[in-house]
Amino acid sequence: MKASIKLVRVDNRLVHGQVGITWTNTLNIDTIVVVDDEVAVSSFPQRLMLNVAKAANVKIRFYAVNDFIKALQNESRQKLFVVVKTIQVAKQLAMAKIEVEKINIGNIHYEKGRKPFNKKVYLTSEDVEDLNYISDQGYHVFYQDVPGTSIEKINHLDFSNLERR
């Protein structure tokens, strides 16, 4: 039996209390997987996220993007919650045809060149193109801050005014 990915979440903070506790409990998973090339080789952020995972009573694993895609080929019975920092990593996972139905867009903070999708998500033109690609591949892409709050489906966006086409 292959590992079951319950959800992929894009959150530029990766694993923090909201992700580690609230989402973990709602999804009924046993392992959080952080897919990020930098964090995969950096012990300091790993230690911080490990504390959150311990508080949620789940395991946590850290992978570079390509290593995670390869690791998915192995047999496992784990129920995974995959967390990535950027939409570009989510696109890489979609291009690798990972088996997950839903991709949640969480927090993406403001930086120069980003336009607001809402109060917690700011997107670049590349982000919009990548979200449209992911959606076109058949993944259910949506924004939801925390479980129980309203879900905002993301089908196709237009960066020039960030309105749905």
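The values are calculated or read from the model by the stated rules, or taken from the named source; none is laboratory data. Predicted model only: the values in this text are computed from it and were never measured. Please note: Cβ atoms are built from the backbone with ideal geometry, for glycine as well, and neighbour counts cover all protein chains shown. Note: accessible area is taken over every heavy atom of the protein model, side chains too, but ligands, DNA and RNA are not part of it. Shrake-Rupley method; radii C 1.70, N 1.55, O 1.52, S 1.80 Å.
Annotation note: Cβ proximity below 7 Å between a residue of the stretch 79-97 that is in contact (Cβ under 8 Å) with a residue 24 or more places away in the chain and a residue that is assigned to a strand (DSSP E or B) and open to solvent by 20 Å² or more (accessible area, probe 1.4 Å) (sequence gap 6+ or interchain) occurs for K79/S4; K79/K6; L80/S4; L80/K6; F81/K6.
The single condition from (1) crowded, with 18+ Cβ neighbours inside 10 Å; (2) at pLDDT 95 or above that I29 fails is (2). I'd like the full set of residues that are more than 28 Å from G20 (Cα to Cα), surrounded by fewer than 20 Cβ atoms within 10 Å (Cβ to Cβ) and aliphatic (A, V, I, L, M), limited to the stretch 120-165. Residue satisfying the conditions is L162 alone.
In this structure, K79 does not satisfy being out of contact with any strand residue (DSSP E or B) (no Cβ under 9 Å at 6 or more places or on another chain) and farther than 18 Å from I154 by Cα. Of K79, K115, K97, all but one fail to be within 20 Å of W23 (Cα to Cα) and open to solvent by 10 Å² or more (accessible area, probe 1.4 Å); the exception is K79.
The condition of being surrounded by fewer than 15 Cβ atoms within 10 Å (Cβ to Cβ) and among the hydrophobic types (A, V, I, L, M, F, W, C) holds for only one of F62, F44, that being F44. A Cβ distance below 8 Å, combined with a sequence gap of six or more or placement on separate chains, defines the contacts here; from the stretch 9-23, residues that are farther than 12 Å from F81 by Cβ reach residues that are among the hydroxyl-bearing types (S, T, Y) in the pairs V10/T86; N12/T86. Counting residues in the stretch 85-106 that are touching an Asp or Glu at 6+ places or on another chain (Cβ under 8 Å) and either more than 18 Å from D37 (Cβ to Cβ) or modelled with pLDDT under 95 (or both) gives one or more. For the stretch 134-154, the set of residues classified as more than 18 Å from K85 (Cβ to Cβ) and either assigned to a helix (DSSP H, G or I) or of a type in the set (D, E) (or both) consists of S135, D136, E152, listed by residue number. Restricting to the stretch 134-163, name every residue that is aliphatic (A, V, I, L, M) and free of Cβ contacts under 8 Å to residues at least 40 places away in the same chain. Residues satisfying the conditions are V141, I151. The set of residues from the stretch 118-139 being under 11 Å from L157 (Cα atoms) and among the aliphatic types (A, V, I, L, M) comprises L123, V128, L131.
Looking only at the stretch 4-23, which residues are part of a loop (DSSP other than H, G, I, E, B) and surrounded by 18 or more Cβ atoms within 10 Å (Cβ to Cβ)? Hits for the stretch 4-23 are D11, L14, V15.
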